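Visitor: Here you go, one structure.
Read the figures in this text as sums done on the coordinates, not as results from a lab. In this text the structure is predicted, and so the values were computed from the model without any measurement. All Cβ positions, glycine included, derive from the backbone under ideal geometry; neighbour counts span all protein chains shown.
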Amino acid sequence: MIYPKDPPAADTLEVSVFGKGVGECIVVHTGDGEWLIADSLLNPTSGQPAALEYLAALGLPASNVVKLVVVTHWHQDHTAGLSQIFHATAKAQVVFSSAFRTSEFRELLGYDAILPPETSSLAEMRNIVGILRERGSHFPTPLWAVANRLLRTTPNGDIYSLSPSDASIMVTLEGFRSLIPVAGDPKRRFVAQGPNDTCVVLSIRRGSHTIVLGADLESGSDPTRGWKAIATSTTCPHPLASAFKVAHHGSKNADEPSAWTRLIGADVAAILTPFRALRKPLPTPTDVERLLGRTKNLYCAGSRAGIKAPSRPSNVHKLIAGKLHVIDSRLGQVRVRFPASGEPSIEKFGAAEHLRAA
Amino acid sequence: MPSFVETQLNDGHVGTGVRQRRSSEDNPAERVDVPAFIVTNEMSDLSIRRRVPSHETEARGIVSAADGAATDVGTLASSGNRRVTTVVEIERRKRTNQQRSQVLQQWEGTVEEVGPNSFGARMRNLSVDGAPEEWATLLLDEISDDERSLVRPGATFYWSIGYLIEPYGQRRTASTIYFRRLPAWSAQDHVRAHLIADSFSDVFSNDLSQRSTGG
């Protein structure tokens, strides 16, 4: 993919969402030359973090301009290359979910370190911790995101974390505990189970425009957890969002109607990323239809279709018919800009697509 | 009926012997050099059925001077002190592991989700360099009973598709799944994991007084 090369004006709020078959990354210009990176994916062509490549294409030194690196959660489709980004952004402060600040998560990091490297799922997290330790006590401590925490004040705006709620953290600790092995358990990769309601959702405001980044936050029936907890909160002072990174690849279990009315403005620019590592890849046609009922400005950063499978002998093809599909898809970028004056713009690059009714 | 191979070996089980398949309409005679240690039963598909008494070998014409096998044995044995030829009757073992396999495609999978009848996994193609990652949905019925308990999120398995080749050449397509068995977590692992976890506590510390708050 060829990245755009035109940097935003100082007074422009910009969000770029990068996506592919599995992977998500968001790069935000919060204004006045300051940037935020949330999560990371690797460009399948170069193997490098898309966020760093984009900033380089704009001619910006990541080491100076990036002020926050946000780890919304620990799933690998959001963390690939994240430690490389953190290493390259020497002025950035890292933001973790408060759920990570627990002995249970630390313990999980310890156990994961013993697994064979190819079985590790927390190596990126451990590498970030390693970088923090190397930088020493003169470097800013991590910021621990919880519901409605002011993370940073910018010249004409601010950045809040809207999650996780206290109740979500408690439930997630149970999840961490269930993963911690006991003597005699066979060693295996740690795979998170259950609903994802501990990720960090961000609300980023500059002037009258707000961007909400939904991470992979899901919604259940409990009003104290997930999207329901955010929707019922009255603390965040931001106006309704003009751009929304749709949560969890547009899945139904991340779609909370009350959140749309409480947080999201009409005709919002809604951007999702595909996720093809499932029996039925996300978003499903039903998801797209449902989301189009909420906004006509619906975009997918990254191709929803997988790249071509390798050729196989016909007898192999016969035996695997219907059992396999390619996960990888082409990289794309959707970019939304809100200048201080004038009309906002939505652009798509690479394999990104504007989703329309079938 | 077992398939018989008549083998002549120089006595003392050293050097190289000669194996000769009995000639028939279906199986023309063939001579193959075989290591003499076959008499020690170390060859997987052959075992000594019995020593053939000399009157019988003569009757079957095996140790005739005109027989090439006998000549070869004699040549080999000439380095020894005596020219002694022992004739044994070899039986090809009927063993299932005589099957050979030819892998056409192989994947390494990591289980991501387990349902009541099936499981889903991310698959890395081990047969094609640079092949894209794939997702597989596989039925639990395809997993052998003794491996069913290993189908858990995070488990690694290998899926091979190819041919099973029977001892006499019949080929049939086969799909084989087996799970990697990593060692279990030991008490030593637990101690080590906790030490590593403790080493992270400065970063995760509640006491932020030694650090700047940045901004």
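Visitor: Calculate how large, on average over all directions, the projected area of the Cα convex hull of region A:100-224 is; give the answer in nm² to one decimal.
Guide: 9.9 nm²
Visitor: Evaluate peptide A:159-170: per residue, the Cβ atoms of other protein chains within 10 Å of its Cβ; return the mean as an integer.
Guide: 0
Visitor: How long, wide and thick is region A:301-358, going by the Cα atoms along their three principal axes, in whole angstroms, largest first?
Guide: So the three principal-axis extents are 62, 22, 12 Å.
Visitor: Under the classification rounded if a/c is under 1.5, otherwise prolate if a/b is larger than b/c and oblate if not, where does region A:139-293 fall, given a ≥ b ≥ c as square roots of the Cα gyration tensor eigenvalues?
Guide: The shape class here is oblate.
Visitor: Averaged over all directions, how much area does the convex hull of the C-alpha atoms of region A:203-358 cover when projected, in nm²?
Guide: 10.8 nm²
Visitor: Which order results if A:79, A:235 are arranged by neighbouring Cβ count within 10 Å, fewest first?
Guide: A:235, A:79
Visitor: OK, next. Quick check on region B:99-179: take the gyration tensor over C-alpha atoms, sort the square-rooted eigenvalues as a ≥ b ≥ c, and tell me if it's rounded (a/c under 1.5), prolate or oblate.
Guide: Oblate, since a/c reaches 1.5 and b/c is not below a/b.
Visitor: Would you mind ranking A:308, A:280, A:228 by Cβ crowding within 10 Å, fewest neighbours first?
Guide: So the residues, fewest neighbours to most, are A:308, A:280, A:228.
Visitor: Sort A:245, A:67 by Cβ crowding within 10 Å, fewest neighbours at the top.
Guide: Ranked by crowding around the Cβ, least crowded first: A:67, A:245.
Visitor: Within a 10 angstrom radius of each residue's Cβ in B:182-194, how many Cβ atoms of other chains show up on average? Whole number is fine.
Guide: 6
Visitor: Moving on to the next point. State, as an integer percentage, the relative contact order of chain A based on alpha-carbon contacts under 8 Å between residues 6 or more apart.
Guide: 18 percent
Visitor: Still on this model: In cubic angstrom, how much convex hull volume per residue do the alpha carbon atoms of region A:30-144 span?
Guide: Taking the convex hull of the Cα positions in region A:30-144, it is 108 Å³ per residue.
Visitor: Give me the distance between the Cα centres of region A:261-330 and region A:171-227, rounded to whole Å.
Guide: 22 Å
Visitor: Rule-of-thumb check for chain A: C-alpha Rg over 2.2 N^0.38 Å?
Guide: Taking the Cα Rg and dividing by 2.2 N^0.38 Å, one obtains 0.96.
Visitor: How many partner chain Cβ atoms sit within 10 Å of a residue's Cβ in peptide A:134-144, on average, as a whole number?
Guide: For peptide A:134-144, the averaged partner shielding equals 4.
Visitor: So what is Rg over Rh here for region A:195-286, counting just Cα atoms and using Kirkwood for Rh?
Guide: Here Rg/Rh amounts to 0.96.
Visitor: Could you tell me which of rounded, prolate or oblate describes region A:75-118, using a ≥ b ≥ c as the square roots of the eigenvalues of the alpha-carbon gyration tensor, with rounded for a/c under 1.5 and, failing that, prolate when a/b is larger than b/c and oblate otherwise?
Guide: Taking the square roots of the gyration eigenvalues as a ≥ b ≥ c, region A:75-118 is oblate.
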